[in-house]
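Peer 1: Mind looking over this structure? Questions follow.
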Amino acid sequence: MMTGKVSKVAEASVLVTGAAGFIGAAVAEALMARGQSVIGIDNLNDYYAVSLKRARLDGLATRHGNLFQFRELDFADMSALTAALGSFTFETIVHLGAQAGVRYSLENPQAYVASNLAGHVNMLEVARARQVAHMVYASSSSVYGGNAKLPFAVEDRADHPVSLYAATKKADELMSETYAHLFRLPLTGLRFFTVYGPWGRPDMAMWKFAERILSDRPIDVYNQGEMSRDFTYIDDIVGGVLACLDCPPADDGAQKAGGSVKPHALYNIGNNKSEHLLRLIEVLEDACGRKARRNLLPMQPGDVTATYADITALTRDTGYMPSTPIETGVPRFVDWFRSYTGV
Ligand SMILES: NC(=O)c1ccc[n+]([C@@H]2O[C@H](COP(=O)([O-])OP(=O)(O)OC[C@H]3O[C@@H](n4cnc5c(N)ncnc54)[C@H](O)[C@@H]3O)[C@@H](O)[C@H]2O)c1
């Protein structure tokens with residue numbers, strides 16, 4: 001049963017960072033579909049095609065009119081952030097904006113420092129200044145590094161990251177813990193596991209594989225295909241993010257998921273099924289109606305061989321129950337990909 005506090009949170013305006021991004025646009029869509037107004041911010045950087053980010057924003061504006069307000073800005077710039085948000089009121093924040101991608105963090109570490117470290121502190125400062133009822137923020141399964149114990153559980157140690165991206169996400173969790181302690185801010189960190197689906201990201205394997213299979217070009221398969229990932233469909237992710245947003249961790253001294261006794265919870269948000277990469281390729285081949293030509297390559301620096309999410313904590317606390325196997329989600333992605341790209 002919903003408490004008064006929860007229903008108030010579920011009605012109010014939400015600030016969504018990274019609103020032009022894959023997960024941010026989908027979360028903004030779902031918030032507005034249930035009647036909440038959204039203030040979206042994004043700097044529309046060119047890490048991948050800006051046209052895709054603009055198309056996501058156009059869709060949100062077209063479908064939701066005045067419920068959606070958007071400001072193009074860099075949240076690593078505190079004075080720009082404060083000025084842009086000055087006229088808005090919001091009760092909660094979903095902080096999904098970040099420099100994503102493991103491999104790019106070897107090429108451009110500064111982008112991760114600016115968006116994921118300085119930017120995260122700035123968003124904590126906004127949450128503190130506005131005394132928001134709850135901020136949900138994005139962490140990543142990459143914080144588990146090369147942990148051998150599968151599935152990964154939030155109680156497991158996660159202090160040996162193998163990429164700077166992972167290190168910045170772990171740092172976000174640590175800085176959040178400090179803010180939950182000092183300022184009693186209700187915070188929830190979500191460790192996302194390989195999200196895919198319509199309006200997805202061109203830098204991720206799912207997109208690259210579909211693009212190449214459909215145009216009869218070879219796909220790059222790292223670690224000779226000896227990898228597995230807990231692929232999570234976007235609709236399941238969105239359901240989990242909203243369920244978390246509606247359940248701010250209480251400041252009651254009780255231990256939260258992830259071990260904090262402050263109002264700070266940490267959850268895995270995955271599909272709870274680790275799929276072999278070669279199985280994913282088969283499902284993609286079926287959806288594309290063509291066989292893939294495979295270019296087998298060694299492991300890439302910064303990458304991990306396996307991810308697998310233990311979602312017990314999230315299911316227990318919010319009822320989260322992912323329901324989309326890759327056999328359903330991949331064809332949906334390929335259908336969308338063909339209509340969007342015309343390939
Ligand atoms: N997609 C996944 O599989 C996955 C897995 C683990 C973690 N995550 C995390 O989830 C979040 C959302 O990921 P996504 O897949 O939607 O990525 P995305 O790149 O599509 O979205 C992130 C958005 O943030 C924006 N952004 C980056 N730096 C910014 C800044 N300084 N100021 C304003 N906007 C900025 C980008 O322009 C982009 O639109 C990220 O924090 C990411 O690290 C995603």
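Peer 1: Would it be correct to say that F90 is farther than 30 Å from V304 by Cβ, among the aromatic types (F, W, Y) and at pLDDT 95 or above?
Peer 2: It is true that F90 is farther than 30 Å from V304 by Cβ, among the aromatic types (F, W, Y) and at pLDDT 95 or above.
Peer 1: Follow-up. If I ask for residues that are farther than 17 Å from A49 by Cα and among the charged types (D, E, K, R), which ones from region 170-211 would you list?
Peer 2: Hits for region 170-211 are K170, D172, E173, E177, R184, R191.
Peer 1: Mind listing just one residue for me: the one in region 82-110 that is in contact with a Phe, Trp or Tyr (Cβ under 7 Å, 6 or more places away or on another chain) and within 25 Å of P248 (Cβ to Cβ) and, of those, surrounded by the fewest Cβ atoms within 10 Å (Cβ to Cβ)?
Peer 2: Among residues in region 82-110 that are in contact with a Phe, Trp or Tyr (Cβ under 7 Å, 6 or more places away or on another chain) and within 25 Å of P248 (Cβ to Cβ), the one surrounded by the fewest Cβ atoms within 10 Å (Cβ to Cβ) is H95.
Peer 1: How many of the residues making up region 253-273 are touching a Pro at 6+ places or on another chain (Cβ under 7 Å) and either assigned to a loop (DSSP other than H, G, I, E, B) or modelled with pLDDT under 95 (or both)?
Peer 2: Of the residues in region 253-273, 4 are touching a Pro at 6+ places or on another chain (Cβ under 7 Å) and either assigned to a loop (DSSP other than H, G, I, E, B) or modelled with pLDDT under 95 (or both).
Peer 1: Would you confirm whether any residue within region 259-271 is under 19 Å from S141 (Cα atoms), of a type outside the set (D, E, K, R), out of contact with any strand residue (DSSP E or B) (no Cβ under 9 Å at 6 or more places or on another chain) and surrounded by fewer than 20 Cβ atoms within 10 Å (Cβ to Cβ)?
Peer 2: Within region 259-271, not a single residue is under 19 Å from S141 (Cα atoms), of a type outside the set (D, E, K, R), out of contact with any strand residue (DSSP E or B) (no Cβ under 9 Å at 6 or more places or on another chain) and surrounded by fewer than 20 Cβ atoms within 10 Å (Cβ to Cβ).
Peer 1: Do you know which residues across region 125-138 are in contact (Cβ under 8 Å) with a residue 60 or more places away in the chain and within 14 Å of the ligand (Cβ to nearest atom)?
Peer 2: The answer is V126, V136, A138.
Peer 1: Quick one: which residue in V16, V27 is surrounded by 18 or more Cβ atoms within 10 Å (Cβ to Cβ), at pLDDT 95 or above, within 21 Å of W336 (Cα to Cα) and within 14 Å of the ligand (Cβ to nearest atom)?
Peer 2: V27
Peer 1: Please go through region 278-315 and give me each residue that is under 30 Å from Q255 (Cβ atoms) and touching a residue at least 24 places away in the same chain (Cβ under 8 Å), ordered by number.
Peer 2: V304, A306, T307, Y308, A309, D310, I311, T312, A313, L314
Peer 1: Taking the criterion of being of a type in the set (D, E), surrounded by fewer than 14 Cβ atoms within 10 Å (Cβ to Cβ) and either at pLDDT 95 or above or over 23 Å from L190 (Cβ atoms) (or both), would at least one residue in region 33-53 satisfy it?
Peer 2: Yes: region 33-53 contains one or more residues that are of a type in the set (D, E), surrounded by fewer than 14 Cβ atoms within 10 Å (Cβ to Cβ) and either at pLDDT 95 or above or over 23 Å from L190 (Cβ atoms) (or both).
Peer 1: If you don't mind, there's one more thing I want to ask. Got a number for residues in region 81-138 being acidic (D, E) and closer than 15 Å to F183 by Cβ?
Peer 2: 1
Peer 1: Still on this structure: Given the conditions (1) more than 10 Å from the ligand (Cβ to nearest atom); (2) farther than 30 Å from D303 by Cα; (3) in contact (Cβ under 8 Å) with a residue 12 or more places away in the chain, report the number of the one that S79 does not fulfil.
Peer 2: (3)
Peer 1: Within the bounds of region 214-232, is there any residue that is surrounded by 19 or more Cβ atoms within 10 Å (Cβ to Cβ), in a loop (DSSP other than H, G, I, E, B), among the aromatic types (F, W, Y) and modelled with pLDDT of 95 or more?
Peer 2: Within region 214-232 (the criterion being surrounded by 19 or more Cβ atoms within 10 Å (Cβ to Cβ), in a loop (DSSP other than H, G, I, E, B), among the aromatic types (F, W, Y) and modelled with pLDDT of 95 or more), the answer is yes, since at least one residue qualifies.
The values are calculated or read from the model by the stated rules, or taken from the named source; none is laboratory data. Values in this document were obtained by computation on a predicted structure and should not be read as measured data. So basically every Cβ, Gly included, is an ideal-geometry build from the backbone, and we count neighbours across all protein chains shown.
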